[in-house]
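*Asks:* Can you read through this structure? Questions will come right after.
The values are calculated or read from the model by the stated rules, or taken from the named source; none is laboratory data. Quick caveat, the model's predicted, so the values are computed rather than measured. Ideal geometry is used to build each Cβ from the backbone, glycine not excepted, and the neighbour counts take in all protein chains shown. Each accessible area value is taken on the protein alone, full model and side chains, heavy atoms only, with ligands, DNA and RNA left out. Shrake-Rupley method; radii C 1.70, N 1.55, O 1.52, S 1.80 Å.
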Amino acid sequence: MDVIHNPLGSANRSTVVFRGTAAAPGTCGELVQGTLQGEPFLINCPVDLWSEVSVELSQQGEARVSLDKSCRALRLTLQYLGLEYSNVSINRVSALPESKGMGSSTADIAATCLATARALGRELEPEVIAKIAAQIEPSDGQMYPGIMICNHLTGEPKKYLGQAPPLNVVIADPGGSVDTVLFNSRKDLASKNFQKEPMVKQAIELVTRGLLTEDWEMMGRGATISAQANQVVLPKPHLALWRQWASEMRALGVLVAHSGTVMGMILTPGKVDPREAAEFVRRRKPEWTVWHTSMISGGLR
């Protein structure tokens, strides 16, 4: 749990405290990510691992600063609402590791935005939260319901693809970290994305059609193509091995964090036990961190 108190204006003697809570899911990388005709996009992959944020607003209290992204999210939300409070408290409980490509920052930011609004008796549309998030850093889009194509640099939604499929995911982190902001400011990123556009176009067609027709095998093929295409942008040293293991586990396909470290394999419930698949990976790579969870529809709660 992280706790912060941060001054946002001039204090007065009011002791009224407003409280709000919200939670946002993380992701297992993305089903697809890249560019189409130069425009950046991703198809998000929300999973059942959450960040929960509670916000308290008052005009009195001690001040110390931490959690910069959450502070900025709260400040921008208050600006959007046209309000100001001299002291805030942000409490965060998260199951998401940072700098791994699991949407931890987007989850924290999105949940902070909504918790702030709820403290004041308001709700925010996903598009508003996405725009606020995009002012802070590129967004994974899990504030949108279902599965969504969105521009992760602007937060703009492009196409709703339906509800999440009823599938399990095994996630592995071999180690390391990636800074999302630095990654997206790379000078060679545009040329690398252009290089992989043909494969990305194929991937988005397969994933989109697979989701719309409930053909999960087709969706998995598309996700695997996108994972392989991303090797020219952010190579995963163990991707070939991961794909081999996924085949042995009869997985539908593999996922990667296109700007992170984690890899995932998509499993059909009833055919492969995700606990057994996770243990399969742990036995072979005990130094890796391994989770098993399920795909879920995006949206805050």
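*Asks:* Among (1) assigned to a loop (DSSP other than H, G, I, E, B); (2) of a type in the set (Lys, Arg); (3) under 22 Å from Leu153 (Cα atoms), which single condition is Arg122 missing?
*Replies:* (3)
*Asks:* Then there is this: Checking the structure you have, find out if any residue of segment 127-134 is touching a residue at least 24 places away in the same chain (Cβ under 8 Å), of a type outside the set (Gly, Ala, Ser), crowded, with 24+ Cβ neighbours inside 10 Å and farther than 26 Å from Val17 by Cβ.
*Replies:* No, there is no match, as no residue in segment 127-134 is touching a residue at least 24 places away in the same chain (Cβ under 8 Å), of a type outside the set (Gly, Ala, Ser), crowded, with 24+ Cβ neighbours inside 10 Å and farther than 26 Å from Val17 by Cβ.
*Asks:* Condition check: at pLDDT 95 or above, under 25 Å from Ala164 (Cα atoms) and either open to solvent by 20 Å² or more (accessible area, probe 1.4 Å) or small (Gly, Ala, Ser) (or both). Does Ala117 satisfy that?
*Replies:* no
*Asks:* Still on this structure, I have one more. Restricting the search to segment 203-216, which residues are of a type in the set (Asp, Glu), part of a helix (DSSP H, G or I) and more than 15 Å from Val32 (Cα to Cα)?
*Replies:* Those that are of a type in the set (Asp, Glu), part of a helix (DSSP H, G or I) and more than 15 Å from Val32 (Cα to Cα): none in segment 203-216.
*Asks:* Being open to solvent by 10 Å² or more (accessible area, probe 1.4 Å), polar (S, T, N, Q) and not in a strand (DSSP E or B) narrows it down to one of Ser54, Ser70, Ser105, so name that one.
*Replies:* From the options Ser54, Ser70, Ser105, the qualifying one is Ser105.
*Asks:* Now, a different point. I'm trying to understand the selection: among the residues of segment 84-95, which are surrounded by fewer than 17 Cβ atoms within 10 Å (Cβ to Cβ) and over 19 Å from Ala111 (Cβ atoms)?
*Replies:* Glu84
*Asks:* In segment 16-49, which residues are small (Gly, Ala, Ser) and either buried (at least 23 other Cβ atoms within 10 Å of the Cβ) or within 20 Å of Arg92 (Cα to Cα) (or both)?
*Replies:* Matches in segment 16-49: Gly20, Ala22, Ala23, Ala24, Gly26, Gly29, Gly34.
*Asks:* Starting from segment 79-91, take each residue that is in contact (Cβ under 8 Å) with a residue 24 or more places away in the chain and in a strand (DSSP E or B) and list its partners that are among the small types (Gly, Ala, Ser) and open to solvent by 60 Å² or more (accessible area, probe 1.4 Å), counting only C-beta distances under 7 angstrom and pairs at least six apart or across chains.
*Replies:* Asn87/Ala11; Asn87/Ala63
*Asks:* Restricting segment 164-191 to residues that are open to solvent by 60 Å² or more (accessible area, probe 1.4 Å) and assigned to a helix (DSSP H, G or I), which is nearest to Lys69 (Cα to Cα)?
*Replies:* So the residue we want is Val181.
*Asks:* Can Ala229 be described as modelled with pLDDT of 95 or more, of a type in the set (A, V, I, L, M), open to solvent by less than 20 Å² (accessible area, probe 1.4 Å) and assigned to a helix (DSSP H, G or I)?
*Replies:* yes
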